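The values are calculated or read from the model by the stated rules, or taken from the named source; none is laboratory data. The structure presented is a predicted model; accordingly, all values stated were derived computationally and were not measured. Cβ coordinates were reconstructed from backbone atoms using ideal geometry, including for glycine residues, and neighbour counts include every protein chain displayed. Heads up: the accessible areas ignore ligands, DNA and RNA and are worked out on the full protein's heavy atoms, side chains in. Shrake-Rupley method; radii C 1.70, N 1.55, O 1.52, S 1.80 Å.
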Amino acid sequence: MSQPAEQFKKLIAHCKEYGFIYPSSEIYDGLSAVYDYGPNGVELKNAIKEYWWKAMVQLHENIVGIDAAIFMHPKTWKASGHVDAFNDPLIDNKDSKRRYRADQLIEAYMEKLQAKIDKEVARAAKRFGEAFDRDKFVAESPRVAKYAGQLEAVRQRLAKAMSAGDLAELKAMIEEYAIADPETGSRNWTDVRQFNLMFSTQLGAIAGEEGKLYLRPETAQGIFVNFLNVQKTTRQKIPFGIAQIGKAFRNEIVARQFIFRMREFEQMEMQFFVRPGTEMEWYEYWKEHRMKWHLALGTPPEKLRFHDHDNLAHYANAAVDIEFAFPFGFRELEGIHSRTDFDLRNHQELSGKKLQYFDPELQQSYVPYVVETSIGCDRMFLAVMSHALVEEQVPGQDHTRELLKLHPALAPVKCAVLPLKRNDDQLVARARQIFDTLKYHFNCQYDDTGSIGKLYRRQDAIGTPYCITVDYDTLEDGTVTIRERDTLQQERVPVERVAQIVQERVRMESLLRRL
Ligand code: GAP
């Protein structure tokens, strides 16, 4: 197993062992691509949501929040284009009976071409040592040129086929490039066909098409249909935004890679309504602002990058992804889309209700344009966890420790209170007393179920930034030690100051001030 694959496996095991994420209905062998969040997981997920919500709603006077229902009138999805266009190209392997997304099979082929280029470069770097000039080599090597040319040709062909919905061309590409079933090597493929990703259900006692409802595949439409309600009741002037966090559902054809691609997940979306013609300015603004939000967490810049869409969604005139270096490579973490007036205009047409804004400066009414920022909460969770989980040598000692280097504001438990000895009644009573004071300030844990070393290791593994150790000096002089997770530094402080010291270091405000 490659090192990143090994690392990813460890991360999934860690999530389960320490109560972050469990497979859904595990006693029945789980449900594919559905997961449950455990006690530490729900705390971390709530902290991510709080960081996003405060960054959007609390820090922007012109952004307000809503919480729309998951079920929406079925016409919503006709107007939004999801009934007709929210499809993925599906292909089956006749021998293995496995189902794939045709575009993803071709993307995997492109990754192999890229790997060949990387291999050539790595080989040359080894051969030339310090004198190696990467750019010169890439520009002059005939082999690299050959692979790069092939890669670009495939990329362009795929983008064209996807924009045109040309399923025959996708099949032709799979055959021409001799793409095999990744699991079995078989090349015995069916034709490519469209598969709509929306889950449907029935409303009450109404049978048939009339009672057909969809589980929302994005939260955005709840915002669009409430645009005028919100604008009128909050008297917002354009430009203004509406933010929402909520569940979304997609019947993904291939749902792998843990919580990266799920069938039930949570989105954090913000629609920013702007004057037509100003959308590209706001698009640039939100691109920069959202990248800042990621970087403020301490994520190294080389783990994040922008990726412009080759293949625009049915509603967008410009779109970019913020990609993160997941253990399985750079993948989409967040999308920023300029959605024009596509959604509001279609809702206006289908509902027969005017969805316009009277602009007092221009003295005219118009259907606003929209710039959207959309991030999956679960995907953000995975990004945070995969960056935070490290195994490191304990300074000055001969063993390693598993450490979750979460930003303190996101950590599920902010502080643990640990008696130095678990079977000393006086220490235990004093530690409990301290815990009972601290629990009113932040999420705090009391633990006396092991030796102090074991207790520290357990807290390191769930990312607790501070451990308060209660020892014999505490009984004498009323001081405790605060152990800092990453540096392992210990400071001795009076008990009365602990709440304030920890509070200052773990509060969300420190993160928000970096934006
Ligand atoms: N409203 C626009 C929209 O939904 P999207 O690119 O389809 O755009 C936005 O989704 C974000 O939602 C993605 O960047 C990703 O973080 C998250 N997301 C989408 N599908 C997902 C899935 N199946 N599982 C987990 N997260 C998903």
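I need the full set of residues from region 334-362 which are surrounded by fewer than 23 Cβ atoms within 10 Å (Cβ to Cβ) and of a type in the set (A, V, I, L, M, F, W, C), in order please.
Answer for region 334-362, where residues must be surrounded by fewer than 23 Cβ atoms within 10 Å (Cβ to Cβ) and of a type in the set (A, V, I, L, M, F, W, C): F342, L350, L355, F358, L362.
Counting residues that are among the small types (G, A, S) and in the same structural domain as W189 (by TED's automatic domain parsing), which helices (runs of 4 or more DSSP H) fully inside region 44-160 reach at least 2?
102-128
Please verify whether F435 is within 16 Å of the ligand (Cβ to nearest atom) and under 23 Å from P39 (Cβ atoms), treating the condition exactly as stated.
No, not satisfied.
Please count how many residues of region 421-447 are within 27 Å of H399 (Cα to Cα) and at pLDDT below 95.
Final tally of qualifying residues: 3.
Against the conditions (1) assigned to a strand (DSSP E or B); (2) out of contact with any helix residue (DSSP H, G or I) (no Cβ under 9 Å at 6 or more places or on another chain); (3) farther than 21 Å from G41 by Cα, where does V371 fall short? Just the number, please.
Only one criterion is unmet by V371, namely (2).
Could we say that N311 is farther than 30 Å from P408 by Cβ and either in contact with a Leu (Cβ under 9 Å, 6 or more places away or on another chain) or open to solvent by less than 20 Å² (accessible area, probe 1.4 Å) (or both) here?
Yes.
Residue-by-condition table, conditions (1) of a type in the set (K, R); (2) over 30 Å from K49 (Cβ atoms); (3) under 35 Å from the mean Cα position of the chain (by Cα):
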position: Q397; (1), (2), (3): no, yes, no
position: E402; (1), (2), (3): no, no, yes
position: A411; (1), (2), (3): no, no, yes
position: A429; (1), (2), (3): no, yes, no
position: R432; (1), (2), (3): yes, yes, no
position: Q459; (1), (2), (3): no, no, yes
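In the list K49, K45, which residue meets the criterion of being open to solvent by 30 Å² or more (accessible area, probe 1.4 Å) and touching a helix residue (DSSP H, G or I) at 6+ places or on another chain (Cβ under 7 Å)?
Every option except K49 fails the conditions.
Please identify the pairs in which a residue from region 213-233 that is farther than 11 Å from F71 by Cα has its Cβ atom under 9 Å from the Cβ atom of a residue that is open to solvent by 20 Å² or more (accessible area, probe 1.4 Å) and assigned to a strand (DSSP E or B), counting only partners at least 6 apart or on another chain.
Listed pairs, sorted by first residue: V230/V64.
Taking the condition of being free of Cβ contacts under 8 Å to residues at least 60 places away in the same chain, outside any helix (DSSP H, G or I), of a type in the set (F, W, Y) and open to solvent by less than 60 Å² (accessible area, probe 1.4 Å), how many residues in region 429-482 meet it?
The total comes to 2.
Consider only pairs whose beta carbons are under 6 Å apart and that are at least six residues apart or on different chains; among these, list those whose first residue lies in region 11-24 and is in the same structural domain as A461 (by TED's automatic domain parsing) and modelled with pLDDT under 95 and whose second residue is among the basic types (K, R) and not in a helix (DSSP H, G or I).
Close Cβ pairs (under 6 Å, with a partner that is among the basic types (K, R) and not in a helix (DSSP H, G or I)) do not exist here.
Does A388 count as open to solvent by less than 10 Å² (accessible area, probe 1.4 Å), within 22 Å of H14 (Cα to Cα), hydrophobic (A, V, I, L, M, F, W, C) and modelled with pLDDT of 95 or more?
Taking the combined requirement at face value, the residue satisfies it.
(1) open to solvent by 30 Å² or more (accessible area, probe 1.4 Å); (2) of a type in the set (S, T, Y); (3) under 16 Å from the mean Cα position of the chain (by Cα): which one isn't true of T373, the others all being true?
Condition not satisfied by T373: (1).
So, in region 108-137, how many residues would count as being surrounded by 17 or more Cβ atoms within 10 Å (Cβ to Cβ) and touching a residue at least 60 places away in the same chain (Cβ under 8 Å)?
Looking only at that region, the number is 1.
Looking only at region 317-330, how many residues end up being near the ligand (Cβ under 9 Å from one of its atoms) and either among the basic types (K, R) or surrounded by 20 or more Cβ atoms within 10 Å (Cβ to Cβ) (or both)?
The number of residues fulfilling the criteria is 2.
Let's see how each residue does on (1) in contact with an Asp or Glu (Cβ under 6 Å, 6 or more places away or on another chain); (2) surrounded by 12 or more Cβ atoms within 10 Å (Cβ to Cβ); (3) modelled with pLDDT of 95 or more:
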{"position": "A102", "(1), (2), (3)": "no, yes, yes"}
{"position": "I106", "(1), (2), (3)": "no, yes, yes"}
{"position": "A139", "(1), (2), (3)": "no, no, no"}
{"position": "V144", "(1), (2), (3)": "yes, yes, no"}
{"position": "G149", "(1), (2), (3)": "no, no, no"}
{"position": "D181", "(1), (2), (3)": "no, yes, yes"}
{"position": "T190", "(1), (2), (3)": "yes, yes, yes"}
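Please state which of the following conditions L158 fails to meet, knowing it meets all the rest: (1) in contact with a Phe, Trp or Tyr (Cβ under 6 Å, 6 or more places away or on another chain); (2) closer than 24 Å to N188 by Cα; (3) among the hydrophobic types (A, V, I, L, M, F, W, C).
The number of the failed condition is (1).
Kindly list, by first and then second residue, each pair from a residue in region 337-354 that is under 17 Å from D84 (Cβ atoms) and outside any strand (DSSP E or B) to a residue that is of a type outside the set (A, V, I, L, M) and away from the ligand (no atom under 16 Å from the Cβ), limited to pairs with Cβ atoms under 9 Å and residues at least 6 apart or on different chains.
N346/K78; H347/K75; H347/K353; L350/K75; L350/K78
Taking region 250-268, which residues are under 30 Å from K97 (Cβ atoms) and near the ligand (Cβ under 9 Å from one of its atoms)?
Result: R250, E252, A255, I259, F260, R261, M262, R263, E264, F265.
Test S365 against the criterion of being surrounded by 17 or more Cβ atoms within 10 Å (Cβ to Cβ) and out of contact with any His (no Cβ under 6 Å at 6 or more places or on another chain), and give yes or no.
no
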